[in-house]
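For reference, the structure discussed in these notes is given below.
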Amino acid sequence: MTGKDRIGATDLGIDLSGPTDGQLFKWLVACLLFGTRISQEIAAAAFRALDDDGVLTPRKLADADWQHLVDLLGKGHYRRYDESKARELITLGNDVLERYDGKLSRLPKDADSTAEIKRRLGEFTGIGPTATRIFLRDVGDAWVPTSSRT
């Protein structure tokens, strides 16, 4: 992979072909990391450190020790934003549990437009327009409301 290639879900071992809640959540975490002004290689390394530790579920992140997450992000060389991202990861876990009962697949339900899905994604702390765009790029048509498809 060259520096110009985009790292996507499949590059991280995330299977979105028939996305499960676990795979969707992992991709959302990856997008939170990719959405920051940091190299995608560093974001991918940080994601792998989190994934290897087994912390990438809404419940495990919600219950995670902040310092442990900072250390994992540092292991992936995600140092510039490690403290704020650790807080965002804990908040993300809590938010997915509270809003969607830990099931991210519920987020697009009853949305009448792609704009509504983007708004819902943007309600998560740390998920801005860049992270939202990256997330939707790889989840594809599964998250596009039928009324918005051409």
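Could you please find all residues in the range 1-51 being in contact with a Lys or Arg (Cβ under 9 Å, 6 or more places away or on another chain), of a type in the set (Asp, Glu) and under 23 Å from residue 71 (Cα atoms)?
51
Given 93, 122, 76, 126, which one is open to solvent by less than 50 Å² (accessible area, probe 1.4 Å) and in contact (Cβ under 8 Å) with a residue 40 or more places away in the chain? Steps first, answer last, please.
Details: 93 fails: in contact (Cβ under 8 Å) with a residue 40 or more places away in the chain; 122 fails: in contact (Cβ under 8 Å) with a residue 40 or more places away in the chain; 76 fails: in contact (Cβ under 8 Å) with a residue 40 or more places away in the chain.
Within the list 93, 122, 76, 126, the selection yields 126.
Residue check: is residue 134 in a helix (DSSP H, G or I) and free of Cβ contacts under 8 Å to residues at least 40 places away in the same chain? Break it down stepwise before answering.
Details: in a helix (DSSP H, G or I): yes; free of Cβ contacts under 8 Å to residues at least 40 places away in the same chain: no.
Criteria not met by residue 134.
Scan the range 78-89 and tell me whether some residue there is at pLDDT 95 or above, closer than 26 Å to residue 18 by Cβ, assigned to a loop (DSSP other than H, G, I, E, B) and touching a helix residue (DSSP H, G or I) at 6+ places or on another chain (Cβ under 6 Å).
No, the range 78-89 has no match at all.
Can we say residue 112 is part of a loop (DSSP other than H, G, I, E, B) and surrounded by fewer than 18 Cβ atoms within 10 Å (Cβ to Cβ)?
Values: part of a loop (DSSP other than H, G, I, E, B): yes; surrounded by fewer than 18 Cβ atoms within 10 Å (Cβ to Cβ): yes.
Yes.
Has the range 7-27 got any residue that is modelled with pLDDT of 95 or more, aromatic (Phe, Trp, Tyr), in contact with a helix residue (DSSP H, G or I) (Cβ under 6 Å, 6 or more places away or on another chain) and open to solvent by 20 Å² or more (accessible area, probe 1.4 Å)?
Checked the range 7-27: no residue is modelled with pLDDT of 95 or more, aromatic (Phe, Trp, Tyr), in contact with a helix residue (DSSP H, G or I) (Cβ under 6 Å, 6 or more places away or on another chain) and open to solvent by 20 Å² or more (accessible area, probe 1.4 Å).
Out of (1) within 15 Å of the chain's Cα centre (by Cα); (2) closer than 25 Å to residue 140 by Cβ; (3) open to solvent by 40 Å² or more (accessible area, probe 1.4 Å), what's the single condition that is false for residue 99?
For residue 99, the exception is condition (1).
The values are calculated or read from the model by the stated rules, or taken from the named source; none is laboratory data. Bear in mind the structure is a predicted one, so any value in this text is a computation, not a measurement. Heads up, the Cβs are rebuilt from the backbone with ideal geometry, glycines too, and the neighbour counts pull from every protein chain shown. The accessibility values were calculated without ligands, DNA or RNA, using every heavy atom of the protein model including side chains. Shrake-Rupley method; radii C 1.70, N 1.55, O 1.52, S 1.80 Å.
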